[in-house]
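Student: Just dropping this structure here.
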Amino acid sequence: MKKRFLSVLLCASMAAVSLAACGGASTSATTAAPQTTAAQSETTAKAEETTAKAADTAGEKLVVGFAQIGQESGWRDAETLSIQTYASENADKVELLFADAQQKQENQIKAIKNFIEQGVDVIGLAPVVETGWDQVFAEAKEAGIPIILLDRRADVGEDLYATFIGSDFIEEGKMAAQEMAKLIGEEGKIVELEGTVGASAATDRKTGFDDEIKATYPKIEIVASQTGDFTRALGKEVMESFLKSNKDIKGVYAHNDDMALGAIEAIKEAGLKPGEDIKIVSIDGVRAIFEAMAAGEANCTVECNPLLGPLLFETAAKLKAGETVEKWVKSVDGVFTADMAAEALPNRKY
């Protein structure tokens, strides 16, 4: 008999996040507008149907163990809440074992080993870094438990995981570069706030942005690039350093919105106007960056939808039923500029 329990640890800082579901598609899509509420509802309904069918067929609940990175950003909180909410609202069909790794890989590895010991049906993981997973993934495979990578990739053989659910981070970086070029007239000095070293989101968002700048905009120079670890506090600290050592910065590219918000604080404290004196382009699409854009303090965000809970459980149900799933299930992203912020803000779900 498998040991099963429901772990729902809702953080107070996440209480304002909407419970709307994530939309997903098997092919990539880039739009200039958010997904509609109807599309999100359709995704949730489909997930509920699939998990219910799996529970009826097996005569037992779908048990998913999920190892989350931690709480480094509002985006991460929204993803966590999406997963936990789906589990709690569908407790008759699914059970969730949830682990918060507090930004440490060793904690995620320990959680995966615990999930294997407890005999879950499927393991979900948002890996804090790309490398160092081969052994524990092999242990899961030996136990017959498929692994779903959520929103970040792991540098392992494709035979060691079932699927990756998430965005095309390289394309996000490319789109951010194109928007930055428009904002600064395709020339000038810019700086880059990188995400956590070794994280696939950081690596790919840098590759997409830097390669596009180099290939298409020769008059734009990235004069400084340093990790802000995806946090607002470190984003501010690094931006303060950039401002002291670099003159005539025309733009800031941040791998996520939280670092951009930290940079905005640093720019204002330096006596400059963010969004005007220094253009701000970032990735994620959290509500706070829309508020900054509406206030004229940020210029563009490339959406990376975190509401992946329903899609995670739908995919897990298919795997438990023995169905084949695509190796990469791409979520739908959009580009939002400052002139769209005020209208879009009331409908932001995270």
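Throughout, read-outs are computed from the coordinates displayed, never taken from laboratory work. Note that this is a predicted model, so its numbers are computed, not measured. Methodologically, a virtual Cβ is constructed for each residue, glycine included, from the backbone with ideal geometry; neighbour enumeration extends over all protein chains shown.
Student: Provide the three semi-axes, in whole Å and in decreasing order, of the ellipsoid equivalent to region 98-240 as defined by the square roots of 5 times the Cα gyration tensor eigenvalues.
Tutor: Details: eigenvalues 255, 53, 21 Å².
After diagonalising the Cα gyration tensor, the semi-axes are 36, 16, 10 Å.
Student: Let me ask something else about it. Please give the length that would be gained between residue 182 and residue 226 if that part of the chain were fully extended, namely 0.36 nm times their separation in residues minus their C-alpha to C-alpha distance (nm, one decimal). List each step's numbers first, then the result.
Tutor: Values: separation 44, 0.36 × 44 = 15.84 nm, distance 2.32 nm.
This chain segment gains 13.5 nm when fully extended.
Student: Once you charge only the Cβ atoms, +1 for Lys and Arg and -1 for Asp and Glu, what is the size of the charge dipole of region 155-275 about its Cα centre, to the nearest 20 debye?
Tutor: Values: 14 positive and 24 negative charges, 151 e Å.
For region 155-275, the charge dipole is close to 720 debye.
Student: What order, most packed first, do the peptides 291-298, 311-318 have when packing is the mean number of other Cβ atoms within 10 Å of each residue?
Tutor: Numbers: 291-298: 19.9, 311-318: 26.5.
Packing proxy ranking, top to bottom: 311-318, 291-298.
Student: Oh, and also: For residue 246 paired with residue 104, estimate the spin-label separation in nm (one decimal), with each label point 7 Å from Cα along the Cα-to-Cβ line.
Tutor: The answer from the label model is 3.3 nm.
Student: Once you've got the Cα coordinates, tell me which of 219/279; 104/236; 104/214; 214/349; 247/268 are over 24 Å apart. Mind dumping the intermediate values first?
Tutor: On the way: 219/279 16 Å; 104/236 22 Å; 104/214 34 Å; 214/349 35 Å; 247/268 16 Å.
Over 24 Å Cα-Cα: 104/214; 214/349.
Student: If you don't mind, another one. Given region 247-350, what whole percent of its Cα pairs are spread farther than 18 Å?
Tutor: Cα-Cα pairs in region 247-350 separated by more than 18 Å: 53 percent.
Student: Starting from the Cα-Cα distance between residue 277 and residue 91, subtract it from 0.36 nm times their residue separation and give me the gain in nm to one decimal.
Tutor: That works out to 61.9 nm of additional length.
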